[in-house]
Amino acid sequence: MDLKAKTKEIRRLTLSCIASIGVGHVGGCMSIAEVLSVLYSKHMRIDPTNPGKLGRDRLVLSKGHAGPALYATLASFGYFDKKELLTLNKLGTSLPSHCNMQLTPGVDMTAGSLGQGISCGVGLALGSKLSKDGARIYVIVGDGECQEGQVWEAAMFAAHKKLDNLTVFVDNNKMQIDGLTKYIVNIENIADKWRAFGFEVIQVNGHDEDAIDKAITKAKTVADKPTCIILDTIKGHGVSIFEKMGFANHSCPVTVEQLEVSLKELED
Ligand SMILES: Cc1ncc(C[n+]2csc(CCOP(=O)(O)OP(=O)(O)O)c2C)c(N)n1
Ligand SMILES: [Mg+2]
């Protein structure tokens, strides 16, 4: 399956997953479909038949409220049956709305309290360096999440430890729960900030799979410092009903009718 088809599949499965419970974080799930598609198709050294394999690459979805997008990706890559996606957040499910590494095969870190996932990712990267297992650690943070002080504490430590096996993606969708990031606490210039904290910084269109692929490939060649890839994205991208809502798509209902229309839009 080519990358664009994989991205569409991830969006279809994500929306079906959220629609199964009728409400969820549509916007922030849709904005990371491309990066998940590229990471799992081309870069993660993993084995879906052995999710806990030692020395594997790890993904920490620090913006853990986007769990359904990661679940859709994991199902699409064979970690579990796609039918399980329809159990989201229901009693007894292995798929809670926010990521839980103890419940879901393939989820490498529990997350949901914004700011904390990146610290866990930095710890994983340091652990990998110490054990020399050759793993690469990928972390996805939200732009609103970058308002958390803990993000910068983790960033400073990662650069200090020269963690060149760490790649942090910022999902720069310019929106958070209550509105536009620039009106809540402006994070710009976000590229300069990460650079000042000692990261190699690459900024790309977060809906362009080839650009993301090239950026990750470049990150693997950077020595002695971590890389931050800023993904310029649109919250709700790919599903116009939800994209049009603006920041109201952060967490919103998904009706059967909206699902039907969106699945048509996402057909190959
Ligand atoms: C520490 C903490 N504070 C508040 C929340 C509630 N919350 C969940 S998502 C969100 C907005 C996050 O915005 P952003 O990081 O930009 O995520 P995205 O736009 O990708 O959905 C907030 C405030 C939380 N999960 N954790
Ligand atoms: Mg955001």
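Considering only the range 141-148, I want to know if a residue exists there that is part of a helix (DSSP H, G or I), at pLDDT 95 or above and away from ligand 2 (no atom under 16 Å from the Cβ). So far as the range 141-148 goes, no, none of its residues is part of a helix (DSSP H, G or I), at pLDDT 95 or above and away from ligand 2 (no atom under 16 Å from the Cβ). Within the option set V60, V23, being within 16 Å of ligand 1 (Cβ to nearest atom) and more than 15 Å from the chain's Cα centre (by Cα) holds for one residue only, V23.
Which of the residues that make up the range 74-92 are within 12 Å of I21 (Cα to Cα) and without any contact (Cβ under 8 Å) to a residue 40 or more places away in the chain? It would help to see each step written out before you state the result.
Residues of the range 74-92 within 12 Å of I21 (Cα to Cα): 85-91.
Of everything in the range 74-92, just one residue is within 12 Å of I21 (Cα to Cα) and without any contact (Cβ under 8 Å) to a residue 40 or more places away in the chain, namely L91.
Annotation: G238 fulfils all but one of (1) at positive phi; (2) surrounded by fewer than 17 Cβ atoms within 10 Å (Cβ to Cβ); (3) away from ligand 1 (no atom under 13 Å from the Cβ); the unmet one is (2). Can you pull out the residues in the range 194-250 that are among the basic types (K, R) and under 30 Å from K161 (Cβ atoms)? Across the range 194-250, the qualifying residues are R195, K214, K218, K220, K225.
The helices (runs of 4 or more DSSP H) located wholly in the range 157-268 that include 3 or more residues which are closer than 30 Å to G127 by Cα and touching a residue at least 12 places away in the same chain (Cβ under 8 Å) occupy 190-196, 209-219. Checked against (1) in a loop (DSSP other than H, G, I, E, B); (2) buried (at least 18 other Cβ atoms within 10 Å of the Cβ), D133 passes all but a single condition, namely (2).
Among the candidates T167, T233, which residue alone is of a type in the set (S, T, Y), buried (at least 24 other Cβ atoms within 10 Å of the Cβ) and within 13 Å of ligand 1 (Cβ to nearest atom)?
Values: T167 fails: within 13 Å of ligand 1 (Cβ to nearest atom).
When all the criteria are applied, what remains is T233.
Scoring Q147 on the criteria (1) crowded, with 20+ Cβ neighbours inside 10 Å; (2) near ligand 1 (Cβ under 9 Å from one of its atoms) leaves a single failure, condition (1).
Criterion applied to G106, G67 was being within 16 Å of ligand 1 (Cβ to nearest atom), under 23 Å from A19 (Cβ atoms) and either touching a residue at least 24 places away in the same chain (Cβ under 8 Å) or not hydroxyl-bearing (S, T, Y) (or both), and the one residue passing it is G67. Scanning the range 34-41 turns up at least one residue that is in contact with a Phe, Trp or Tyr (Cβ under 7 Å, 6 or more places away or on another chain), within 16 Å of ligand 2 (Cβ to nearest atom) and on the phi < 0 side of the Ramachandran plot.
The values are calculated or read from the model by the stated rules, or taken from the named source; none is laboratory data. Quantities reported herein were computed from a predicted structural model and do not represent experimental measurements. All Cβ positions, even for glycine, are placed from backbone atoms using ideal geometry, and neighbour counts span all protein chains on display.
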